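Asker: The structure is given below, and queries will be raised subsequently.
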Amino acid sequence: MLTERQELILKTIIQDFTHKHEPVGSKTVMKQLPIKVSSATIRNEMAVLEDQGLIEKTHSSSGRVPSSEGYRYYLDNLVEPLQLPESVYNQIVYQLDRPFHQVNEIVQEAAKILSDLTNYTAFAEGPESHDVTVTGFRIVPLSNRQVMAILVTSDGNVKNQVYALPHNIHGDEIEKAVRMINDELVGKSLKDISPTLLKSLTSHQIGGEHSSELLDLVENVLKDAASEQMYVDGQINLLNNTSEKDIKDIQSLYELVDQNDLISELMTTSPVTKDAKFPVKVTLGSELPNDLLKNYSLLTAEYSVGNHGKGTIALLGPTNMPYSQMIGLLEYFRNELARKLLDYYGKFQ
């Protein structure tokens with residue numbers, strides 16, 4: 001642990017570097033410290049911080065910048081959420097209070113709001129859907145061999161997928177599949193509809209040589225309905241943290257953030273513990289498994305929608321982001337998003 005003065009100096013260096021993006025010298029620290037300390041004393045304390053690996057010297061300046069260890073110490077011991085301007089809160093409430101027709105629309109809008117407010121890349125994962133039930137199913141012909149499968153669930157969501165059918169499949173087989181779902185699966189929760197149950201129903205009620213193809217179709221629709229939806233917004237903001245020399249990494253970064261399974265794994269790998277200081281977890285790039293993210297930080301926050309499950313929101317931004325503001329923003333936003341979703345689910349009680 002550091003002394004109180006050393007903590008003040010480290011905090012000042014991080015806050016100044018966040019604001020100006022330039023190495024911080026002892027004179028700058030002296031002017032900003034809330035206590036009177038000589039420049040020589042500050043230099044001595046900065047030398048201690050450097051020996052401990054919390055700050056480091058750059059080649060281009062005599063000033064110091066925070067290291068990954070320094071950011072980690074700051075985040076674990078010193079950072080405090082900052083209250084945001086009233087205009088920001090009003091904007092969040094205004095954009096979330098417009099009418100939505102599906103849960104996924106709310107979650108998708110959440111990612112957009114966060115990205116617009118921060119100029120970072122934002123992620124929003126919808127709440128678990130395991131207690132949601134099937135309320136209806138249809139198959140609509142689109143062309144000669146293409147159909148759209150439409151599944152409606154009790155939370156108002158409508159899932160649809162387009163499929164190419166085998167050439168020799170008959171219309172009566174498709175009708176049997178639709179009838180089977182509406183007769184046997186409507187009213188059942190998605191978590192209770194297992195592959196074993198589907199296979200049994202398909203073989204007994206549909207039969208025929210194409211039962212396996214129809215089983216795959218039904219399974220895919222139900223799997224999509226039960227999956228947690230991940231939305232990403234602000235991928236273009238990755239450019240804000242990239243110099244010309246590593247512009248080649250941008251394509252790889254774009255591909256990375258579009259891999260929903262990977263991002264979802266990153267967001268849930270290290271959940272916030274019960275004794276955590278804040279409900280927002282910050283994972284530094286040096287702590288993330290992909291080297292492309294070494295200059296970024298991932299902030300994640302979980303939100304709860306009661307019996308309807310939990311979801312996650314996240315921000316991917318530069319390591320030298322203003323953590324106090326971002327933590328304060330995510331703390332407030334997760335509660336507003338949960339409130340909006342609870343209001344929405346209330347329509348279906």
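Asker: Would you mind finding the one in LEU49, LEU114, LEU96 that is out of contact with any Pro (no Cβ under 6 Å at 6 or more places or on another chain), modelled with pLDDT of 95 or more, farther than 13 Å from ILE13 by Cβ and open to solvent by less than 20 Å² (accessible area, probe 1.4 Å)?
Answerer: On the way: LEU49 fails: farther than 13 Å from ILE13 by Cβ; LEU96 fails: modelled with pLDDT of 95 or more.
The unique qualifying residue is LEU114.
Asker: Just a yes or no: is a residue in the range 13-25 open to solvent by less than 80 Å² (accessible area, probe 1.4 Å) and assigned to a strand (DSSP E or B)?
Answerer: Looking only at the range 13-25, we keep the residues that are open to solvent by less than 80 Å² (accessible area, probe 1.4 Å), and these are 13-14, 16-18, 23-25.
Subsequent filtering for residues that are assigned to a strand (DSSP E or B) retains 24.
There is at least one residue in the range 13-25 that is open to solvent by less than 80 Å² (accessible area, probe 1.4 Å) and assigned to a strand (DSSP E or B).
Asker: If you don't mind, there's one more thing I want to ask. Restricting attention to the range 52-72, report how many residues are in a loop (DSSP other than H, G, I, E, B), surrounded by 13 or more Cβ atoms within 10 Å (Cβ to Cβ) and more than 31 Å from the chain's Cα centre (by Cα).
Answerer: Number of matching residues: 2.
Asker: Scan the range 291-298 and give yes if some residue there is touching a helix residue (DSSP H, G or I) at 6+ places or on another chain (Cβ under 9 Å), outside any helix (DSSP H, G or I) and farther than 19 Å from SER115 by Cβ, otherwise no.
Answerer: Checked against the condition, which is being touching a helix residue (DSSP H, G or I) at 6+ places or on another chain (Cβ under 9 Å), outside any helix (DSSP H, G or I) and farther than 19 Å from SER115 by Cβ, the range 291-298 yields at least one hit.
Asker: Starting from residues that are assigned to a helix (DSSP H, G or I) and touching a residue at least 60 places away in the same chain (Cβ under 8 Å), keep the ones in the range 1-12 and report whichever is most open to solvent (accessible area, probe 1.4 Å).
Answerer: LYS11
Asker: Right, LEU117: in contact with a Phe, Trp or Tyr (Cβ under 9 Å, 6 or more places away or on another chain), more than 30 Å from GLU4 (Cα to Cα) and either assigned to a helix (DSSP H, G or I) or of a type outside the set (D, E, K, R) (or both) or not?
Answerer: Spelling it out, LEU117 is indeed in contact with a Phe, Trp or Tyr (Cβ under 9 Å, 6 or more places away or on another chain), more than 30 Å from GLU4 (Cα to Cα) and either assigned to a helix (DSSP H, G or I) or of a type outside the set (D, E, K, R) (or both).
Asker: I'd like the residue in the range 32-46 that is more than 13 Å from ILE14 (Cα to Cα) and aliphatic (A, V, I, L, M) and, out of all such residues, is most open to solvent (accessible area, probe 1.4 Å).
Answerer: ILE35
Asker: Same structure, new question: Taking the criterion of being under 30 Å from ASN157 (Cα atoms) and open to solvent by 70 Å² or more (accessible area, probe 1.4 Å), would at least one residue in the range 73-84 satisfy it? So that I can check it myself, show each step before the final result.
Answerer: Taking the range 73-84 first, the residues under 30 Å from ASN157 (Cα atoms) are none.
Checking the range 73-84: not a single residue is under 30 Å from ASN157 (Cα atoms) and open to solvent by 70 Å² or more (accessible area, probe 1.4 Å).
The values are calculated or read from the model by the stated rules, or taken from the named source; none is laboratory data. All figures in this text were calculated on a predicted structure; none of them were measured in a lab. Here the Cβ is made from the backbone with ideal geometry for all residues, glycine too, and neighbour counts use every protein chain on show. Heavy atoms of the whole protein, side chains included, go into the accessibility calculation; ligands, DNA and RNA do not. Shrake-Rupley method; radii C 1.70, N 1.55, O 1.52, S 1.80 Å.
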